[in-house]
There are 2 protein chains.
Amino acid sequence: MSPARTPPGDGGPRVTIRTVAAAAGVSTSTVSRVFSHPHLLRASTVERITALAAELGYVPHHAARALSTGRLGTIGVVVPDIANPFFPPVIRAAQARAADDGVSTLLADTDESAEREADLLRTLSWRTDGVVLVSSRLPDDDVRALAARRHVVLVNRDVDGVTRVLLDTAVGMAQAVDHLADRGHRRLAYVGGPAPSWSDDTRRAAVLARAAERSVDVVDLGAHRPEHDVGLALAPALVASGATAAIAFDDVLAQGVLAGLLAAGVDVPGDVSVVGCDDILAVRTVPPLTTIHGPSDEAGAVAVELLLRLVHREPGTGSAERVVLPAELVVRSTTGPAPRC
Amino acid sequence: MSPARTPPGDGGPRVTIRTVAAAAGVSTSTVSRVFSHPHLLRASTVERITALAAELGYVPHHAARALSTGRLGTIGVVVPDIANPFFPPVIRAAQARAADDGVSTLLADTDESAEREADLLRTLSWRTDGVVLVSSRLPDDDVRALAARRHVVLVNRDVDGVTRVLLDTAVGMAQAVDHLADRGHRRLAYVGGPAPSWSDDTRRAAVLARAAERSVDVVDLGAHRPEHDVGLALAPALVASGATAAIAFDDVLAQGVLAGLLAAGVDVPGDVSVVGCDDILAVRTVPPLTTIHGPSDEAGAVAVELLLRLVHREPGTGSAERVVLPAELVVRSTTGPAPRC
DNA sequence: CTGAAAGCGCTAACAT
DNA sequence: ATGTTAGCGCTTTCAG
């Protein structure tokens, strides 16, 4: 086990493909092939060179490879906010899927700012073969323009003409309405999320549609930033609305509402039922939150898969795919029968 | 505004430094210098070439530059679990600090596995100039070995001989003990975190030390994975211990304990006070959690700063620094006077 | 202040 | 199944 060598401690000139070739008495191309297309070589050769390379402490030079192949072997994953618990599973799955193909991922956080997102994308374009844009805050046209110049896959954003992976929470929202209607609720409130957002639009629409079918009233409590405080502040309005159940845009908002309700002495689910979305908080609320769970990890993996396909396919090939993954209701303890009046 | 061009839609050959040089009637070296050492050129030249380059849609080629300079312009940030809310602020600050120097960050998640961490570090070493290891799960010796071969800065891990940035929660822990002692608590419980961990060792030690000074009893409730469920399951033991207050290794554990206590009908802080650590949950618990807040973002930034210094300094220079940032108690609503017996 | 030329380490035709 | 030979796009001495 002689130590591999790299920057610190210097330790003489770098071990390159050439060093190894010389030591093995073969040409550099053979060594190169050992690491890129081993199937083109005799097994014994591959084995011998691999061992020798390891012994010499040879480490492939990423930049050099990238320069010759024109492929960086790195993709970008851009999210609005790492700290938002919705994203980590997506990110993790994306990284894992990329790693399977030996591709590294550059993770970028836009801090919820479209401007910063644009900046970041500019920087990323120097260093990546393509980008997965999760819940992009960019205007549709900007997204299309970007996709025209770079390989892009969207997650949780539905822009025509751009490859995208969507978590269809509409299914779950409809289930939530059914769930509540089945338990006697006749009037429910929708606590909306960010105004210009695909997620909120589809969620609200799904609630309204299914509620209409079930002849349940819906009070629209407006569009809001998905933050705990906001939900908390909304509790009084919810109570005033006369609704016996609330469906919130996401779990954070729902948790806020929950806290507000408890603070106001309203029993959940005795007096009011609450449903969240995204299953971000799992059972960490008190009581555990009924919510809508989608395969966000799968979304990340699929997005990377599609991206890698784009990267490897020659330009112009294939049209923008649109993958929809269904999200479903998970009943926990914040929903129950409507209070008898 | 002619559009920059990159992979998709092909669009002819890449715009290189050569294209720009030809168009400007200068040599490639001049163009190169415009982007790397503009101060060596006449201002007017710089301006002219910059404008021209922008117009032609020239984008520097990262890999090529890396190959020439031997510096990748990328650092790695390795965390055990992106989804753990303690890390995002660290990551974000690290990225921001790196971006200030035009350095990209490769984020890797080890999924709490030392083995996977080792794997990842191997991969990262091909593609980065150095690594920030946050809360590494690697054995001390492995960390030292790594640091001998690569530029490494540790966060939240104290290994002798390796540059590191520590959040000294011991200060906060002592404050917590004082806070409780001042309010009449004579017997408190420490709910420990992961067994082989610098954080847990120092926290526990700090609690014991200050408690001894204040003649307060401490019941050690053991070492545990910092998860909600675990904390929840520990509530009965806490009650049985007769302690009137619990200090937990971190907020997640504290929140679990809180939930378990509430479930058991124990009033917080009426009957039992609870203190967390890391200020991960902010005011999102009910009631809002008293905890210990440290500048984790600063830790991330400082770590990157130190790393970049290592990267740019020639080998062998400077000895391993040890930066300690103090974390302090934040009193919220889960602590109060000891119940009168 | 700017140009010319020699690579950085690797891959990819093209030969053999 | 391997060797030969050009570069990939950029930086960087060394000259001028």
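The values are calculated or read from the model by the stated rules, or taken from the named source; none is laboratory data. The model shown is predicted, which means the values in this text are computed figures rather than measured ones. Positions of Cβ are backbone-derived with ideal geometry, glycine not excepted, and every protein chain shown enters the neighbour counts.
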(request) Considering only residues that are more than 30 Å from B:V90 (Cβ to Cβ) and either more than 15 Å from DNA strand D (Cβ to nearest atom) or within 11 Å of chain B (Cβ to nearest Cβ) (or both), look in the range A:36-59 and name the one that is surrounded by the most Cβ atoms within 10 Å (Cβ to Cβ). (result) A:Y58
(request) For B:I17, state whether it is within 14 Å of chain A (Cβ to nearest Cβ) and more than 8 Å from DNA strand D (Cβ to nearest atom). (result) no
(request) Out of B:D229, B:D220, B:D250, report the one residue that is at pLDDT below 95, out of contact with any Asp or Glu (no Cβ under 9 Å at 6 or more places or on another chain) and not hydrophobic (A, V, I, L, M, F, W, C). (result) B:D229
(request) May I ask you to verify whether B:R33 is over 23 Å from A:H151 (Cβ atoms), away from chain A (no Cβ under 14 Å) and either in contact with a Cys (Cβ under 6 Å, 6 or more places away or on another chain) or surrounded by fewer than 16 Cβ atoms within 10 Å (Cβ to Cβ) (or both)? (result) no
(request) Determine which member of the set A:A83, A:A93, A:A108, A:A99 is touching a helix residue (DSSP H, G or I) at 6+ places or on another chain (Cβ under 6 Å), on the phi < 0 side of the Ramachandran plot, free of Cβ contacts under 8 Å to residues at least 12 places away in the same chain and not assigned by TED's automatic domain parsing to the domain that holds A:P226. (result) A:A83
(message) Can you pull out every residue in the range B:22-42 that is within 9 Å of DNA strand C (Cβ to nearest atom), assigned to a helix (DSSP H, G or I) and over 21 Å from B:T69 (Cβ atoms)?
(response) B:A24
(request) Scan the range B:268-295 residue by residue and report those that are within 14 Å of chain A (Cβ to nearest Cβ), modelled with pLDDT of 95 or more and either at positive phi or outside any loop (DSSP other than H, G, I, E, B) (or both). (result) B:V274
(request) Please report, ordered by residue number, the helices (runs of 4 or more DSSP H) entirely within the range B:91-205 with at least 3 residues that are within 12 Å of chain A (Cβ to nearest Cβ) and among the charged types (D, E, K, R). (result) B:114-127
(request) Considering (1) within 25 Å of the chain's Cα centre (by Cα); (2) more than 26 Å from A:L253 (Cα to Cα); (3) in a loop (DSSP other than H, G, I, E, B), say which one B:L310 fails and leave the rest. (result) (3)
(request) Identify, from the list A:R42, A:R14, A:R5, A:R18, the residue that is modelled with pLDDT of 90 or more and over 29 Å from the mean Cα position of the chain (by Cα). (result) A:R18
(message) Among the residues in the range B:247-261, are any touching a strand residue (DSSP E or B) at 6+ places or on another chain (Cβ under 7 Å) and under 30 Å from B:T105 (Cα atoms)?
(response) yes
